[in-house]
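Chemist: One structure, pasted below without further comment.
The values are calculated or read from the model by the stated rules, or taken from the named source; none is laboratory data. Keep in mind that this is a model prediction, so the values were computed, not measured. A quick note on method: Cβ atoms are made from the backbone with ideal geometry, for glycine too, and the neighbour counts reach across all protein chains shown. Heavy atoms of the whole protein, side chains included, go into the accessibility calculation; ligands, DNA and RNA do not. Shrake-Rupley method; radii C 1.70, N 1.55, O 1.52, S 1.80 Å.
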Amino acid sequence: MRIVFFGTPEFAVPSLRALLAGTEPVVGVVCQPDKPAGRGQHLALPPVKAEALAAGLPVFQPERVRSGDFLPALRELQPDLIVVVAYGKILPQAVLELPAHGCINVHASLLPRYRGAAPIQWAILRGETVTGITIMRIEERLDAGDILLQRSTSIGADETYGELQTRLAELGALALVDAVERLRLGTLDPRPQDEAAVTLAPLLRKADGRLDWVQPAEQLARVVRAFNPWPSAHTLAAGRLLKIHRAHALPEAIGGPPGRVAGLDDGLRVATGLGTLVLDEVQLEGRKRLPACEFSRGGTVKTGTILG
């Protein structure tokens, strides 16, 4: 089978590498256009593009998949199968109908739970203990196609979005190779998704990382994990932005209104709506990341300071 790979970020790289190590030829790669990044705002290559160029593959970066010159170029590749991993745009019907074996997607959840753009973050925010990878057929409705194969994994109690994403990227690559082989052999058994069990995982905004200290400490700890490494959970300390990279919850209350700092010894202990949130690693705007016990010696936050 001639495979065309659609993908853009780091999450998609293990899947592309796994296909390149297999027996089915990857004949082209499609990813998002280069974008400015970093303080200098220089154009940066998407991780998938860098991987594809290193492998000597032709790379396509259409601004719009429906554009007039991209579809003829895609047809010239004569794909038998299109594999999509975090490409970042919805494929039109003209693309879905092109390959004989259709289009399949690597999705970072156990569908039908967490359809949408941020399934890993929402799984952490909702307190899930198990997640996984779904290989599914792509149809016009978002993440609604038949399930071809699934692999599950536990979520660590302290695991962050970034750490879990890295593990799921590797798990997704293994599942993808298995699915492509079974597709070649004709042994896949597609099954429709249970629409009654659907939950959604919409894109998160930077503002969603603002900690609401009225919430229980357990929920606030999940926000910290779900927003690490980007864009980071945050609050205001003495009028300055304070990012929180690591934290954990304690069931005991320390008294005072939500957001009040009541301890500076082994971390910043902060009162919440239920229990205590201990800040383990923080970063004041314009400064470097520090263990909270070291940060507290700077005097920006003192016992009695109200965060919010």
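Chemist: Ignoring ligands, DNA and RNA, what percent of the 1.4 Å accessible area of the chain is carbon and sulfur?
Modeler: So the carbon and sulfur contribution to the accessible surface is 52 percent.
Chemist: Given just the C-alpha atoms of the range 98-193, how large is their convex hull per residue in cubic angstrom? Don't skip to the end; give the middle numbers.
Modeler: On the way: hull volume 9.0 nm³, N = 96.
Looking at the range 98-193, the number lands at 94 Å³ per residue.
Chemist: Filter the trypsin sites (Lys or Arg not before Pro) in the range 188-289 to those in DSSP coil with at most 16 other Cβ atoms within 10 Å of their Cβ, and list the result.
Modeler: Here the sparse-neighbourhood loop sites are 205, 287, 288, 289.
Chemist: Please enumerate, by chain and number, the lysines with C-alpha under 22 Å from the C-alpha of residue 243, excluding those fewer than 8 residues away in the same chain.
Modeler: Of all the lysines, those that pass the test against residue 243 - Cα under 22 Å, at least 8 places apart if same chain - are 206, 288, 302.
Chemist: Just to check, using Stokes-Einstein with a Kirkwood Rh over alpha carbon pairs, what's the diffusion coefficient of the range 43-100 at 25 °C and 0.890 mPa s in µm²/s?
Modeler: Numbers: Rh = 12.7 Å.
Calculated translational D: 193 µm²/s.
Chemist: What's the extension gain from residue 141 to residue 117 if we count 0.36 nm per residue and subtract their Cα-Cα distance?
Modeler: My answer for the length gained is 7.3 nm.
Chemist: Here's something else I'd like to know. Suppose we keep just the DSSP beta bridges with both residues in the chain; what percent of those would be antiparallel, to 5? Can you show the working numbers first?
Modeler: On the way: 37 of 54 bridges.
Looking only at bridges with both residues in the chain, the antiparallel portion is about 70 percent.
Chemist: Next question. Which aspartates and glutamates does residue 49 reach when only Cα atoms under 12 Å apart count, and residues fewer than 8 places away in its own chain are ignored?
Modeler: Residue 49 reaches 10, 34.
Chemist: State the answer as a single residue: which of 111, 67, 122 lies farthest towards the positive end of the charge dipole of the range 1-145, with beta carbon charges of +1 for Lys and Arg and -1 for Asp and Glu, about the Cα centre.
Modeler: Result: 122.
Chemist: Moving on to the next point. Please figure out what share of the DSSP beta bridges in the range 3-156 is antiparallel and state it in percent, rounded to the nearest 5.
Modeler: 50
Chemist: Anything in the chain that counts as a DSSP H helix reaching 18 Å or more along its axis (C-alpha) with Kyte-Doolittle mean of at least 0.0? List them, would you?
Modeler: 161-185
Chemist: Here's a follow-up. Residues with amide H under 5 Å of residue 234's amide H, sequence separation 5 or more or different chain, H placed in the peptide plane at 1.01 Å from N; which?
Modeler: 210, 211, 244
Chemist: What FRET efficiency comes out for the pair residue 126/residue 158, r = Cβ-Cβ distance, R0 = 25 Å, nearest 0.05?
Modeler: That pair, residue 126 with residue 158, gives E of 0.95.
Chemist: Now for a different question. Dividing the alpha-carbon Rg of the range 213-284 by 2.2 N^0.38 Å yields what? Display every interim value, and only then the final one.
Modeler: Details: Rg = 11.0 Å, N = 72, 2.2 N^0.38 = 11.2 Å.
Normalised Cα radius of gyration, the range 213-284: 0.98.
Chemist: Ordered by packing density, taken as the mean number of other Cβ atoms within 10 Å over each peptide's residues, highest first, how do 138-145, 77-84 rank?
Modeler: In descending order of packing, they fall as 77-84, 138-145.
Chemist: Could you rank 234, 101 by how accessible they are, 1.4 Å probe, largest area first?
Modeler: Ranked from most to least accessible, the order is 101, 234.
Chemist: In the chain, if the dipole is taken from +1 on Lys/Arg beta carbons and -1 on Asp/Glu beta carbons about the Cα centre, which of 256, 32, 272 is farthest to the positive end?
Modeler: 256
Chemist: Now for a separate question. If amide H atoms are built 1.01 Å from N in the plane of the peptide, which residues on other chains or at least 5 residues away come under 5 Å of the amide H of residue 60?
Modeler: Under 5 Å from the amide H of residue 60: 29, 30, 31.
Chemist: Taking just the alpha carbons, could you work out the radius of gyration and Dmax for the chain, both in angstroms?
Modeler: Reported Rg and Dmax, both Å: 22.3, 68.
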